[in-house]
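The values are calculated or read from the model by the stated rules, or taken from the named source; none is laboratory data. Predicted model, so just to flag it, every value in this text is computed and none were measured. For neighbour counting, all protein chains shown are included, and Cβ atoms are generated from backbone atoms with ideal geometry for every residue, glycine included.
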Amino acid sequence: MKSLKKALLGTALAGTLVVGASYGTYSWFTAEQSASGTISNGTLALGEMGSLFAHENFAPSQLLISEWNTVENTGSLDQRLLATFSHSVDKEVNVSKYKVAYLAIKFKEKEEGVLKVKDWKLRLGGILNGTTNPAKTMAKAADNADYEVVEGVLSDEQVQTIMKAQAEGGSNSKVIKLGNGDNGKFWNLKSDEQIGIIFGVKLSEKAGNDFQGANYTAEFKVEAKQTDDGAMYQSEINGTTED
């Protein structure tokens, strides 16, 4: 009798397991969808620039014109530029006796041949031989020309600032701000635009014998930042921007 009960109980348990196992084979109605995306960051880059000049036996009244340097937006983003020119002398002389002028031309890639026009260097020489004026933005060079021109020299006000700094024991050097994309359209570059720039350096006729054997050093520097509000130049991030 006990054996029969055990057999019946075993059969019942087996049936329960079979029934329980069968519940897992049923499926409810379900649905599923998803969305995905990717973001590719743009690039903010400038092309390499060459050297300004290398010259020996410079003397008062002489004018030296640099090679063309090209500021090229090689990235995919529009950018705002901060362009500066710094110069110094390795002797205790007045660096303002070196007068500096520049001529910059902004154009698209297709207009690259515009830099080969010889008249640009003549125009730059004329700026230095004439009256010293603050930098100013010029209109387009011609009605049918697809480029803009900016030219200028170190102003009298900047010269006085240098002389004052020297009188107060400051460094015999100066950083000159040529342009800032925050203040004018010229120094803003789209991804297909370039700026060609040349510099002229003239040692004043009034430079005396103290200038003999002096070495003049100059650097043209360009920084780029995004055009978005709140963007900063690297020098601003480092806290080294000079007015």
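Tabulated data for the structure shown
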read-out	value
Selection count, segment 179-203, where residues are among the hydrophobic types (A, V, I, L, M, F, W, C), in a strand (DSSP E or B) and more than 13 Å from T227 (Cβ to Cβ)	6
Candidate set from segment 29-68 (those that are out of contact with any Ser or Thr (no Cβ under 6 Å at 6 or more places or on another chain) and among the β-branched types (V, I, T)); member that is nearest to E223 (Cα to Cα)	I65
Any hit, segment 32-52, residues being at pLDDT below 90, out of contact with any Phe, Trp or Tyr (no Cβ under 6 Å at 6 or more places or on another chain) and surrounded by fewer than 10 Cβ atoms within 10 Å (Cβ to Cβ)	yes
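Yes/no per residue for (1) surrounded by 18 or more Cβ atoms within 10 Å (Cβ to Cβ); (2) under 18 Å from the mean Cα position of the chain (by Cα); (3) over 20 Å from E151 (Cβ atoms):
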| position | (1), (2), (3) |
| --- | --- |
| L63 | no, no, no |
| E92 | no, no, yes |
| F107 | yes, yes, no |
| K116 | no, no, no |
| G125 | no, no, no |
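Yes or no, residue by residue, for (1) closer than 23 Å to R123 by Cα; (2) modelled with pLDDT under 85; (3) among the aromatic types (F, W, Y); (4) not in a loop (DSSP other than H, G, I, E, B):
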{"site": "A141", "(1), (2), (3), (4)": "yes, yes, no, no"}
{"site": "Q158", "(1), (2), (3), (4)": "yes, yes, no, yes"}
{"site": "T161", "(1), (2), (3), (4)": "no, yes, no, yes"}
{"site": "G170", "(1), (2), (3), (4)": "no, yes, no, no"}
{"site": "K177", "(1), (2), (3), (4)": "yes, yes, no, yes"}
{"site": "G213", "(1), (2), (3), (4)": "no, no, no, no"}
{"site": "E223", "(1), (2), (3), (4)": "no, no, no, yes"}
